[in-house]
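The values are calculated or read from the model by the stated rules, or taken from the named source; none is laboratory data. All of these numbers come straight from a predicted model, not from anything done at the bench. Every residue, glycine among them, receives a Cβ derived from its backbone with ideal geometry; neighbour counts consider all protein chains shown.
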Amino acid sequence: MSTKKILIILFSIWINKGISQCKLDVKKITIFKDATVFVEKEGVCDTEDKTIYIDLPYKEKIEEKDRYRQLYDRKIKNNIIFGTIEVETPNNEVITKQTTTVSEKKQVFSSIYQIFHNNIGKEIEIVLNGKSEKIKGTIFSIEDKIVYQQNQAGINTVTLKQGDKWKFIKLSEIDSFEFTDQAVLYSEPMIQRLLINLKKDKQDQQLKLSYLRKGITWTPNYFISIKPNNKLSLSLKANIINDVEDLSDANVNLAVGIPIFKYSTVAAPLASDDKVIDLINGITNPNKETTDMFRNSIGTQRTISASALEEIYGNNTKGPTEGKDDDIFLYQIDNVSMKRGDRTNVNITEFETSYKDVYTVGLQSNDNIISNSNRYNQKDNKNDVWHSVEFINKADVPLTTGSVFFKKYNSLTKAMVPISQEMLGYTPIGEKCIAKMSISPNIIVSQSEKEISRKKDTAYLHRDYDYIVRVKGEIEVINLKNKAIDMIVNRNIKAIKLLESSEPWKTMQTYRQIFERNQNNITQWNFVVEPQKKKIISYEYEIFVRN
């Protein structure tokens, strides 16, 4: 054995002396709909010289492809989120934590593009198709363009520098090449290891590691089967998508609520190679995704409807009393095994109950009239009427916001046939749920409004053209069915105040903009329309109009 090899072996022994690697298994994870996951790992380690180390989540590399060639590796971050990493060592004390970086298995480049991209600045000799002459030069750049059309497949070029001249060569014209410099032909992905220094050596040291990261999410799917005699069955399933962690018999919590992780785009210093300036910028200017995510009601727990414009928080699903005041509730699933990259589907709950047919319509708001000209008159508007089903949540868990797929029993085929797909809103345990199912063409709803009086707004005497307008509106419902229907009409009305209605209405004030005279009001009418009949509802309100 050569002296060089002996020195390498001795150095390896010295560098690893006193360090015991610890393998931790995922025992529990809590998954949020915005792809954030709280990971809890446990394991038993033997310490040497009071030190152990653990492999941390790292910046993974993926190879992106299109139809004609391979692109070079592109990095994506899957790091631990800033301020969330914790280490627990029962009956021992953690003195310091630090990280070091080591190489993983080498990845050989598999395309000309990858090789040229990773050898910019190296000297090379290229032979073109059908030629014997060698073209010499230094790789200066390679075009980074994704091509989608077949007749453009050969436009990607490498640029060679030949003294004070430049040579552009299409990749598709290259027959062979040879580097005259030492070439880089493979990549060495880097992983980070957490070094934990303890107060004392201990055999069989129990260790717990927990952190928050991105990369696992779940989505709810409901299936409702409409059966004879006004019965329906509902089942809730969860799709779990895992891109970052290996799970073996882990306890999984599927979280529902409105999570706010302010620093979710900032990597923890112990699990990142980011520069100081990047860390400071991330902390002082956190990403806005915590507010943008509210726009997706399936991805969060924000529910907005015409009958209840409010943010609803769920109860913990362990029971009717435990965790009742929590802002986040959990669907708990035991013994889940998934490899990184796996997808799975699990059952959450199911029940059968009776239902009632209801017909719902959301009318256009009046918020487009505040800055109109001299007079306000709104012509008839036709509106889609939804055939909905109303039922009570009989499950022992709340129903989170998710997609719902409807099937209905067909008496001719004597089988369940697909009807539609819509969205089911959040419903607490034991509460009423109204789920849209399909558009009903046999019910016609129209609305109209007109100004019946106008006066100057005396509260702002220095303005000449601000008015308080009294508006009268009418809603006409025509039932072309051969049976009576339960009708629900919803509308947002901006007004100084609501005055009167020919049918009882439920009203709720929600918000008012700064310096705005008009209050936003959610209104709802519930009534019955007899078969082959027409029903008209009239109402009045006052609104501030700026001319």
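Listed values, structure above:
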read-out	value
Output for the range 498-522, where each listed residue is crowded, with 17+ Cβ neighbours inside 10 Å and aromatic (Phe, Trp, Tyr)	505
From the options 349, 317, 303, residue that is at pLDDT 70 or above, within 17 Å of residue 401 (Cβ to Cβ), of a type in the set (S, T, N, Q) and buried (at least 17 other Cβ atoms within 10 Å of the Cβ)	349
Residue under evaluation residue 531, criteria (1) more than 22 Å from residue 436 (Cβ to Cβ); (2) at pLDDT 95 or above; (3) in a strand (DSSP E or B), criterion not met	(3)
Residue pairs meeting the criteria (Cβ under 6 Å; at least 6 apart or on separate chains; first touching a residue at least 12 places away in the same chain (Cβ under 8 Å) and within 30 Å of residue 34 (Cα to Cα), in the range 396-424; second surrounded by 14 or more Cβ atoms within 10 Å (Cβ to Cβ) and acidic (Asp, Glu))	404/422
Some residue of the range 504-515 being assigned to a strand (DSSP E or B), within 32 Å of the chain's Cα centre (by Cα) and in the same structural domain as residue 457 (by TED's automatic domain parsing)	yes
Per-region count, the range 478-518, residues touching a Ser or Thr at 6+ places or on another chain (Cβ under 8 Å) and either among the small types (Gly, Ala, Ser) or farther than 28 Å from residue 443 by Cα (or both)	2
Residue count for the range 239-274, restricted to those that are under 18 Å from residue 343 (Cα atoms) and among the small types (Gly, Ala, Ser)	3
